[in-house]
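Inspection log for the structure reproduced underneath, given as structure tokens.
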Amino acid sequence: MSTDHPDRDVSAEDQPITEISKADEPHTVKPEAVKSEDGDLGVAPAAKPRRLTMLIAIAAVILLSDILTKVWAVAAVKPGQPIEIIGDVVTFTMVRNPGAAFSMATSMTWILTLVAIGVVIGVIKIGRTLRSPWWALGLGLVLGGALGNLVDRFFRSPGIMRGHVVDFVSVGWWPVFNIADSAIVCGAVLLVVLTLFGFEPNGERLRDHKADDKKLSGTKTAAEGESK
């Protein structure tokens, strides 16, 4: 006859080994099941990290580099006295530019300033949900370049929103430019390439979507054939 009291708690020593091991196992989060538009259940893919911090960091590096190089250029490069780097091909030449990148639209300073402000706002808005590192790089270059030239528009003569941008890098026949101009052009080219190859700001690719849709369509067709 058992001597155990009916109300006695069962200790860990009395429990089966399998129950103890299950209790000690760390809790893991299983992928969430989601239902597609046609009612089929699937596993939701893990969300990619947002890239806003990366975008801001890239923009900050471009902005700081642009400001420092312009301060140096104003102090070291005198108008009309270029500094030769590689003969006459690459020089530092001081130019005060009232226009856009590479001295374009020189009579539209006010409009260009407003456009630059709009670009900054648009990039920040997109960056809040950005998940692609390549899009973060492209948008960061554009944002840093736009901010660099905006600093000149607001704080250089002849006045607020009419300030002339400091350009000082001259390469061959190419118009004189600065780091901000280069960042804007490189970032814009990268964004165009990403768009052409189907890379989206959320980190996904259009080609992958098409492949998944084709595979799903083939599976449904096979399932319908078996049911018949």
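The values are calculated or read from the model by the stated rules, or taken from the named source; none is laboratory data. Everything numeric here is computed off the predicted structure, so don't read it as measured data. Because the Cβ atoms are built from the backbone with ideal geometry, glycine has one as well, and the counts that use them run over all protein chains shown. Accessible surface areas use protein heavy atoms only, side chains included; no ligands, DNA or RNA. Shrake-Rupley method; radii C 1.70, N 1.55, O 1.52, S 1.80 Å.
Of the solvent-accessible surface of the stretch 112-199, computed with a 1.4 Å probe over protein heavy atoms with every protein chain present, carbon and sulfur atoms account for 79 percent. Can you classify the stretch 142-205 as rounded, prolate or oblate using the Cα gyration tensor, where a ≥ b ≥ c are the square roots of its eigenvalues, rounded means a/c under 1.5, and otherwise it's prolate if a/b beats b/c and oblate if not? Taking the square roots of the gyration eigenvalues as a ≥ b ≥ c, the stretch 142-205 is oblate. Near N202: Cβ cut-off under 11 Å, other residues only, Lys/Arg at +1 and Asp/Glu at -1. The net charge is +3. Dipole magnitude for the stretch 58-195: computed about the Cα centre from +1 point charges on Lys and Arg Cβ and -1 point charges on Asp and Glu Cβ, it is near 480 debye. At q = 0.13 Å⁻¹ the log10 of I(q)/I(0) for the stretch 90-193 amounts to -0.47, computed by Debye summation with a single uniform scatterer per C-alpha, solvent ignored. Peptide packing: for 109-118, 53-62, the average count of neighbouring Cβ atoms within 10 Å per residue gives the ranking 53-62, 109-118, highest mean first. Put simply, the amide H of E204, placed in the peptide plane, has no neighbours under 5 Å, leaving out anything fewer than 5 places away on its chain. A straight chain from S157 to F197 at 0.36 nm per residue would run longer than the Cα-Cα distance by 10.1 nm. Applied to the stretch 190-197, the Karplus parametrisation 6.51 cos²θ - 1.76 cosθ + 1.60 on θ = phi - 60° returns per-residue 3J(HN,Hα) values of 4, 5, 5, 4, 4, 5, 5, 8 Hz, with x for Gly and Pro. Peptides 154-167, 81-94, 175-188 ranked from most to least packed by the mean count of surrounding Cβ atoms within 10 Å: 175-188, 154-167, 81-94.
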